[in-house]
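Below: one structure, written as structure tokens.
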Amino acid sequence: MKSAELRQKFLEFFEKRGHKIVPSASLIPQDTTTLFNSAGMQPLVPYLLGEKHPAGKRIVDIQKCFRTVDIDEVGDDTHNTFFEMLGNWSLGDYWKEDSIRWSFEFLTDKNELNIPIQRLAVSCFGGDENAPKDEESAKIWENIGISKERIIFLPKEDNWWGPVGESGPCGPDTEIFYWKNNNVPVPQKFDPTDKNWVEIWNNVFMQYVKTADGEYMTAEQKNVDTGMGFERTLAVLNGYENIYETDVLQPLISKISEYTNSEDFRGKRIVADHIRATTFMISDGIEFSNTDRGYVMRRILRKAAYYCNSMNLEKIGLADLVEIVIKIYEGVYPLDGNKVCQSVKKEVSLFSKTLATGKKKYEEGEDAFILFTTYGFPPELIKELDKENGKERDWVLFEQKMKEHQELSRTASAGMFKGGLADHEPATVKLHTAHHLLLAALQELFGKQVKQRGSNINQERLRIDFSFDRKITPEEIKKLEDIVNDKIGQGLDVVRREMPIGEAQKIGAEMEFGVKYGNTVSVYFIEDKKGNTVSKEFCGGPHVANTKELGKFKIVKEEASSQGVRRIKAILQ
Ligand code: SER
């Protein structure tokens, strides 16, 4: 079975049963507490909590997902970073009976997936102090025709889903397993530890909401959330040993194999998975950077580049593989081929020097700490090289050295300038407030992912280092100046408030990466006349009382500071 057929069958099956087809949400979640959408339920959380979905109470979708937890497993038969998840949803509508029956029908009906009942087994929640044993689901399975020996009860670690993050909707689930081995007869009794049983579908019965205090409350609205791992299901249905044989990954593997004699199948799979994920991430608006999502993407692309290099794949670049990804998903997802190719090329060229030097220094026997801090060669690639060379390394010692190193550089910069300020002269204080306005303007123009990386202010000028990985155009410079000057012109009050660090983090006050703060912190707010926050930063001050004291703001220089970090110098006239 091809990917297109599985997608279509799934959507149509549930559409016929009153579900509205909803397109996938972006990989970037709306809720900013997590980095990526990692399950179909994540973009639907508000609706699972009771908000009305515009498409109604029955929804079917295929959600793009990205999971970081499995990054190190990628290369084996079943793990991906990026994957698709098929899901049907009841938002306060049907419950266990319909959900289980429809899953069963979709899997076994001869017009649908036509799986023999003999090859299926299920698990249900065994109960604990928060929720009872799910006898109801087990009974439904039995009535449908799953034999008792193929139904088992498992604890919360196995048969419970959610919440994503600390709190939110969750509940017991029932998982459906498929016997994948064509050469070994299916055993009568279901043993989930036997690797021939592959979990293909998970039906979650969300009847609880976990609170921030760890309590399980009965949900006001009972929902069904089902999730079927697309690549994995496609592989088992076709009798493939691994997901890389499916038509959403195989063209990548075969292209890679055309250009290398290497037998490193794990390396090829890593390249295929990581370039596919990167293509989706860039198309959804993620940019390479040294923080958050952009950093995760940087890590996977660099790992892919490392493997291209080690398999002598110079003749095709990663950008050529992007084109294959685009072809695979033509008509399925809108992907931005040009943008992806450009960003990938740029990132690969940035990294190629680091990679060459890093490898050379590695061969010369350089220590991991030096490889990282002096040559920028990332630990995960040192680990890959160690694996190839059968080398053991003391990573605890590495962590220890890193910690000492960070503390040292913190103390060094603190010693030079108190909080980045040369003195407390009026001119310096004014530039300090302008510095806050500039950071806010950078975020307004380029997004919240822009973070401060360093600052230095004296009576003549301010200097800010921030995460951003391309040159800023003259038009953008002008826009930044306009934004800051507009705030100055509005005559906004600058207010200092003290609060516990937890609260300051909760309201999203800006803090500088790598800087340690105490339990009670001071946060400086600049608010406009309507009470909207223009800027909020963890900061010891001092500042002017009102922005009108600043005069005219002007950017005098914009340059690279280090990789992925830009530097701006600005003055007040
Ligand atoms: N939320 C469940 C999962 O991700 C079912 O969709 O497995």
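Within the range 255-308, the residues that satisfy the criterion of being more than 24 Å from the chain's Cα centre (by Cα) and closer than 17 Å to E323 by Cβ are K255, I256, S257, E258, Y259.
Every residue, every condition in (1) in a loop (DSSP other than H, G, I, E, B); (2) of a type in the set (S, T, Y); (3) under 32 Å from the mean Cα position of the chain (by Cα); (4) over 22 Å from I286 (Cβ atoms), yes or no:
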| residue | (1), (2), (3), (4) |
| --- | --- |
| K448 | yes, no, yes, no |
| R453 | no, no, yes, no |
| E460 | yes, no, no, yes |
| R463 | no, no, yes, yes |
| F466 | no, no, yes, no |
| D469 | yes, no, yes, no |
| E476 | no, no, yes, no |
| L480 | no, no, yes, yes |
| D486 | no, no, no, yes |
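Applying a threshold of 8 Å to beta carbon distances and a minimum spacing of six or more residues, or different chains, the list of pairs starting in the range 100-112 at a residue that is at negative phi and ending at one that is surrounded by 15 or more Cβ atoms within 10 Å (Cβ to Cβ) and polar (S, T, N, Q) reads I100/S137; I100/T174; I100/N203; W102/N88; S103/N203; S103/T226. Among what's in the range 1-30 and is under 26 Å from the mean Cα position of the chain (by Cα) and without any contact (Cβ under 8 Å) to a residue 24 or more places away in the chain, pick the residue that is nearest to the ligand (Cβ to nearest atom). Looking at residues that are under 26 Å from the mean Cα position of the chain (by Cα) and without any contact (Cβ under 8 Å) to a residue 24 or more places away in the chain, I get P29. Each residue in the range 146-166 was checked for being under 25 Å from the mean Cα position of the chain (by Cα) and more than 20 Å from G227 (Cα to Cα), and 1 of them qualify.
Here E549, E559, E527, E498 are screened, and the one residue that is closer than 26 Å to D292 by Cα and not small (G, A, S) is E559.
If you go through the range 218-229 one residue at a time, how many are within 12 Å of the ligand (Cβ to nearest atom) and either over 16 Å from V45 (Cα atoms) or not acidic (D, E) (or both)? Lay out the reasoning, then the answer.
Applying the first criterion (within 12 Å of the ligand (Cβ to nearest atom)) to the range 218-229 yields 223-229.
When the remaining residues are screened for being either over 16 Å from V45 (Cα atoms) or not acidic (D, E) (or both), the result is 223-224, 226-229.
Final tally of qualifying residues: 6.
Per-residue answers, yes or no, for (1) farther than 25 Å from F372 by Cβ; (2) free of Cβ contacts under 8 Å to residues at least 24 places away in the same chain:
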{"residue": "K303", "(1), (2)": "no, no"}
{"residue": "Y307", "(1), (2)": "no, no"}
{"residue": "E314", "(1), (2)": "yes, yes"}
{"residue": "G317", "(1), (2)": "yes, no"}
{"residue": "V325", "(1), (2)": "yes, no"}
{"residue": "P334", "(1), (2)": "yes, no"}
{"residue": "C341", "(1), (2)": "yes, yes"}
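From the list L91, L113, L107, the lone residue that is within 16 Å of the ligand (Cβ to nearest atom), over 30 Å from E220 (Cβ atoms) and at pLDDT 95 or above is L107. Restricting the range 32-76 to residues that are within 15 Å of the ligand (Cβ to nearest atom) and more than 26 Å from Y94 (Cβ to Cβ) leaves a set whose member that is farthest from the chain's Cα centre (by Cα) is D70.
Do any strands (runs of 3 or more DSSP E) lying entirely in the range 147-217 carry at least 3 residues that are within 12 Å of the ligand (Cβ to nearest atom) and in contact with a helix residue (DSSP H, G or I) (Cβ under 8 Å, 6 or more places away or on another chain), and which ones are they?
Details: elements: 151-154, 168-179, 197-210.
Of the strands (runs of 3 or more DSSP E) lying wholly inside the range 147-217, those with at least 3 residues that are within 12 Å of the ligand (Cβ to nearest atom) and in contact with a helix residue (DSSP H, G or I) (Cβ under 8 Å, 6 or more places away or on another chain) span 168-179, 197-210.
Restricting R298, R302, R276, R293 to those that are farther than 22 Å from F377 by Cα, of a type outside the set (A, V, I, L, M, F, W, C) and out of contact with any Gly (no Cβ under 7 Å at 6 or more places or on another chain) reduces the list to R276.
For residues in the range 284-315 being among the hydroxyl-bearing types (S, T, Y) and touching a strand residue (DSSP E or B) at 6+ places or on another chain (Cβ under 7 Å), which is surrounded by the fewest Cβ atoms within 10 Å (Cβ to Cβ)? Checking each candidate, the answer is T291. Would you confirm whether or not the range 241-254 contains a residue that is away from the ligand (no atom under 16 Å from the Cβ) and over 27 Å from the mean Cα position of the chain (by Cα)? Yes, there is a match, as at least one residue in the range 241-254 is away from the ligand (no atom under 16 Å from the Cβ) and over 27 Å from the mean Cα position of the chain (by Cα). Annotation: N143 fulfils all but one of (1) closer than 19 Å to T226 by Cα; (2) part of a helix (DSSP H, G or I); (3) free of Cβ contacts under 8 Å to residues at least 24 places away in the same chain; the unmet one is (1). Restricting the search to the range 230-240, which residues are touching a residue at least 60 places away in the same chain (Cβ under 8 Å) and more than 26 Å from the chain's Cα centre (by Cα)? Answer for the range 230-240, where residues must be touching a residue at least 60 places away in the same chain (Cβ under 8 Å) and more than 26 Å from the chain's Cα centre (by Cα): L237, N238.
Let's see how each residue does on (1) modelled with pLDDT under 95; (2) surrounded by 16 or more Cβ atoms within 10 Å (Cβ to Cβ):
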{"position": "I117", "(1), (2)": "no, no"}
{"position": "V122", "(1), (2)": "no, yes"}
{"position": "G126", "(1), (2)": "no, yes"}
{"position": "E129", "(1), (2)": "yes, no"}
{"position": "K148", "(1), (2)": "no, no"}
{"position": "I152", "(1), (2)": "no, yes"}
{"position": "N159", "(1), (2)": "no, yes"}
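The residue pairs whose first member lies in the range 154-165 and is touching a residue at least 24 places away in the same chain (Cβ under 8 Å) and farther than 16 Å from G126 by Cα, whose second member is assigned to a loop (DSSP other than H, G, I, E, B) and more than 12 Å from the ligand (Cβ to nearest atom), and whose beta carbons are closer than 7 Å, counting only pairs six or more residues apart or on different chains, are V164/T34; G165/T33; G165/T34.
Could you tell me whether D247 is modelled with pLDDT under 95 and not in a strand (DSSP E or B)? So D247 fails the test.
When R67 is tested against (1) surrounded by fewer than 21 Cβ atoms within 10 Å (Cβ to Cβ); (2) in contact with a strand residue (DSSP E or B) (Cβ under 9 Å, 6 or more places away or on another chain); (3) over 30 Å from I275 (Cβ atoms), only condition (3) is not met. Every condition in (1) at pLDDT below 95; (2) within 16 Å of the ligand (Cβ to nearest atom) is met by N261 except one, and the failing one is (2). Of the residues making up the range 529-538, one or more are in contact with a strand residue (DSSP E or B) (Cβ under 6 Å, 6 or more places away or on another chain), of a type in the set (V, I, T) and either part of a helix (DSSP H, G or I) or surrounded by fewer than 17 Cβ atoms within 10 Å (Cβ to Cβ) (or both).
Selection of the range 451-472 for residues being out of contact with any Lys or Arg (no Cβ under 9 Å at 6 or more places or on another chain) and either without any contact (Cβ under 8 Å) to a residue 24 or more places away in the chain or over 15 Å from G294 (Cβ atoms) (or both) yields Q452, N458, Q459, E460.
The values are calculated or read from the model by the stated rules, or taken from the named source; none is laboratory data. Predicted model only: the values in this text are computed from it and were never measured. Backbone-built Cβ (ideal geometry, glycine too); neighbour counts: all protein chains shown.
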